[in-house]
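Visitor: There's a structure below that I have some questions on.
The values are calculated or read from the model by the stated rules, or taken from the named source; none is laboratory data. Only a predicted model underlies this, so the values are computations on that prediction, with no experimental measurement involved. Every residue, glycine as well, gets a Cβ built from its backbone with ideal geometry; the counts of neighbours run over all protein chains shown.
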Amino acid sequence: MSSINELKLAKELIAFPSITPKDAGAINFLSRKLKSLGFKCKILEFKDKKSKPIKNLYARLGTKQPNLCYAGHTDVVPPGNINDWTVNPFKPKVKKNHLIGRGANDMKSSIACFVSAVNKFLKNKPKFNGSISFLITGDEEGFAINGTKKVVEYLKKKREKINFCIVGEPTNPNKLGEMIKIGRRGSLTGKLEIYGVQGHVAYPHLLNNPINTLVNICKTLKEKKLDSGNKSFQPSNLEFTELFVNNKAHNVIPSTAKARFNIRYNNFHTANSLKKKINKIIKNLCKKNKCNFKVEYLANGDSFLTKPEKTIFMAKKIIKKVTKVNPKFSTTGGTSDARFIKSISPCLEFGLVNKTMHKVDECVSITDLKKLTNIYQNILIEYFK
């Protein structure tokens, strides 16, 4: 069995311009790499009427339980203006002990580290009591419709059991070893339209300005305290992300005003309970102002919390030993694909430092790459003792 170096593999993965929803060959490449280690690989392509087809990969080595899974994504966000980069974002280079390229941080390097860790583990223990699997999607940075969510549905139908999952997202704010994610807040997006009566701005008494009602709704929703948080989660928050009135005339009161908002919520709420609260406020204010309205929601996943157990505590001990940093358990940050995986397996999230993700000159420390590979390898060793 040939050696797989995490830096070399990270460079190879970054070289694929797999900007969501394009795969650009990244999934097939990774599949070939895992097949060389003995994995049985299944490329799963999902699509629907409203979105483009997405390639995903489920690979497994072994048939026995327990099955330890690593989950990640090969898709990346656009690089922005390439001229702002010091390197071509898809021709990665090492500068000042850092690998620079789009996806270096989020999260192709983490995938490379786990593959390298598996390679090292198998060299020392080619026969082990259990299975190792990879759940890799090309749809994490996009709408996440045809990615991990559908892979999980596929695994449920196949009665494929995963006993524990490590999601390799970049979890550390400043230093490797600071943070293990054991949960995430939920995400609910709302699109609101208020309908009034259009007319000349000089005759407001004959009209009904929907902007006034929308502003009142925005103010009321922002002032409403959803909760104060708890020991596991920070407080829920509602933020307006878009206000839109399609009116180019200075002397016309428009007929419609629109807004978009997003709620990041903890385990005091569900998407349905929040919808009821929001709808009640909107309905009452629209009734008071004699306006009609329409509101549509997109639920991106409820909050979840993995109760720390022996595998999580084992990982924490290894992380502390390798990094000399005592990691804290956290549920902060945005959503991740762990929100889908948690329905079939307990999971933790641990990866690289996230300071440069999605930024120009996204990068990762070469030292951190080696340490993360070491961490993953030791987790494999301890898990399959």
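Visitor: So in region 333-356, with the set limited to residues that are touching a strand residue (DSSP E or B) at 6+ places or on another chain (Cβ under 6 Å), in a loop (DSSP other than H, G, I, E, B) and of a type in the set (Val, Ile, Thr), which one is nearest to residue 161 (Cα to Cα)?
Guide: My answer is 335.
Visitor: Here's another thing I want to ask about it. Just to be sure before I move on: is residue 82 aliphatic (A, V, I, L, M) and closer than 13 Å to residue 360 by Cβ in the structure I sent?
Guide: yes
Visitor: So the check is Cβ under 8 Å with 6+ separation or different chains; which pairs have a first residue in region 72-97 that's assigned by TED's automatic domain parsing to the domain that holds residue 58 and a second one that's surrounded by 16 or more Cβ atoms within 10 Å (Cβ to Cβ) and of a type in the set (Phe, Trp, Tyr)?
Guide: Every condition considered, the pairs that remain are 72/114; 72/134; 74/16; 79/85; 79/90; 90/16.
Visitor: Restricting to region 169-228, what's the tally of residues that are surrounded by fewer than 15 Cβ atoms within 10 Å (Cβ to Cβ) and touching a His at 6+ places or on another chain (Cβ under 9 Å)?
Guide: Residues that pass the stated criteria total 2.
Visitor: What tally of residues in region 21-73 results from selecting those that are of a type in the set (S, T, N, Q), modelled with pLDDT under 95 and part of a loop (DSSP other than H, G, I, E, B)?
Guide: Of the residues in that region, 0 qualify.
Visitor: Now for a different question. Does at least one position in region 316-329 carry a residue that is under 26 Å from residue 147 (Cα atoms) and not small (Gly, Ala, Ser)?
Guide: Within region 316-329, none of the residues are under 26 Å from residue 147 (Cα atoms) and not small (Gly, Ala, Ser).
Visitor: Moving to a separate point now. Does region 290-304 contain any residue that is over 25 Å from the mean Cα position of the chain (by Cα), within 30 Å of residue 220 (Cα to Cα) and either small (Gly, Ala, Ser) or not in a strand (DSSP E or B) (or both)?
Guide: Within region 290-304, one or more residues are over 25 Å from the mean Cα position of the chain (by Cα), within 30 Å of residue 220 (Cα to Cα) and either small (Gly, Ala, Ser) or not in a strand (DSSP E or B) (or both).
Visitor: Does residue 359 count as closer than 14 Å to residue 98 by Cα, out of contact with any strand residue (DSSP E or B) (no Cβ under 7 Å at 6 or more places or on another chain) and part of a loop (DSSP other than H, G, I, E, B)?
Guide: no
Visitor: Select from region 204-231 the residues that are basic (Lys, Arg) and in a helix (DSSP H, G or I) and write down the one among them that is nearest to residue 329 (Cα to Cα).
Guide: Only one residue tops the list, namely 222.
Visitor: Please work out which one of (1) polar (S, T, N, Q); (2) more than 13 Å from residue 218 (Cα to Cα); (3) in contact with a Phe, Trp or Tyr (Cβ under 9 Å, 6 or more places away or on another chain) is the condition residue 241 fails and give its number.
Guide: (2)
Visitor: Next up: Those residues that are of a type in the set (Val, Ile, Thr) and crowded, with 20+ Cβ neighbours inside 10 Å, I need them from region 332-345; list them, please.
Guide: 341
Visitor: Something else about it: I'm trying to understand the selection: among the residues of region 54-65, which are surrounded by 17 or more Cβ atoms within 10 Å (Cβ to Cβ) and at negative phi?
Guide: Result: 54, 55, 56, 57, 58, 59, 60, 61.
Visitor: Turning to a different aspect of this structure: Can you confirm whether region 61-71 contains a residue that is of a type in the set (Val, Ile, Thr) and within 27 Å of residue 133 (Cβ to Cβ)?
Guide: yes
Visitor: Assuming residue 96 fulfils every condition listed in (1) closer than 19 Å to residue 355 by Cβ; (2) buried (at least 19 other Cβ atoms within 10 Å of the Cβ) apart from one, which condition is it?
Guide: Among (1) closer than 19 Å to residue 355 by Cβ; (2) buried (at least 19 other Cβ atoms within 10 Å of the Cβ), the lone unmet condition for residue 96 is (2).
Visitor: Could you tell me whether region 303-324 includes any residue that is touching a Gly at 6+ places or on another chain (Cβ under 8 Å), closer than 21 Å to residue 65 by Cα and surrounded by 19 or more Cβ atoms within 10 Å (Cβ to Cβ)?
Guide: Checked against the condition, which is being touching a Gly at 6+ places or on another chain (Cβ under 8 Å), closer than 21 Å to residue 65 by Cα and surrounded by 19 or more Cβ atoms within 10 Å (Cβ to Cβ), region 303-324 yields at least one hit.
Visitor: What's the total number of residues in region 156-203 that are assigned to a strand (DSSP E or B) and among the small types (Gly, Ala, Ser)?
Guide: 5
Visitor: Somewhere in region 92-113, is a residue in contact with a strand residue (DSSP E or B) (Cβ under 6 Å, 6 or more places away or on another chain), over 22 Å from residue 19 (Cα atoms) and of a type in the set (Val, Ile, Thr)?
Guide: Scanning region 92-113, I find no residue that is in contact with a strand residue (DSSP E or B) (Cβ under 6 Å, 6 or more places away or on another chain), over 22 Å from residue 19 (Cα atoms) and of a type in the set (Val, Ile, Thr), so the answer is no.
Visitor: Among (1) more than 23 Å from residue 231 (Cα to Cα); (2) crowded, with 21+ Cβ neighbours inside 10 Å; (3) not aliphatic (A, V, I, L, M), there is one condition residue 290 misses while meeting the rest; what is its number?
Guide: Among (1) more than 23 Å from residue 231 (Cα to Cα); (2) crowded, with 21+ Cβ neighbours inside 10 Å; (3) not aliphatic (A, V, I, L, M), residue 290 violates only (2).
Visitor: Here's something else I'd like to know. Could you say whether any residue in region 367-381 is at pLDDT below 95 and farther than 23 Å from residue 156 by Cβ?
Guide: The answer is no; no qualifying residue exists.
Visitor: Still on this model: Please tell me if residue 166 is among the β-branched types (Val, Ile, Thr), closer than 30 Å to residue 28 by Cβ, surrounded by fewer than 19 Cβ atoms within 10 Å (Cβ to Cβ) and in contact (Cβ under 8 Å) with a residue 40 or more places away in the chain.
Guide: no
Visitor: Evaluate region 309-319: report whether one residue or more is in the same structural domain as residue 122 (by TED's automatic domain parsing) and not in a helix (DSSP H, G or I).
Guide: Yes, because at least one residue in region 309-319 is in the same structural domain as residue 122 (by TED's automatic domain parsing) and not in a helix (DSSP H, G or I).
Visitor: Another question, if that's okay. For residue 126, which of the numbered conditions (1) of a type outside the set (Gly, Ala, Ser); (2) assigned to a helix (DSSP H, G or I); (3) surrounded by fewer than 18 Cβ atoms within 10 Å (Cβ to Cβ) fails to hold?
Guide: Failing condition for residue 126: (2).
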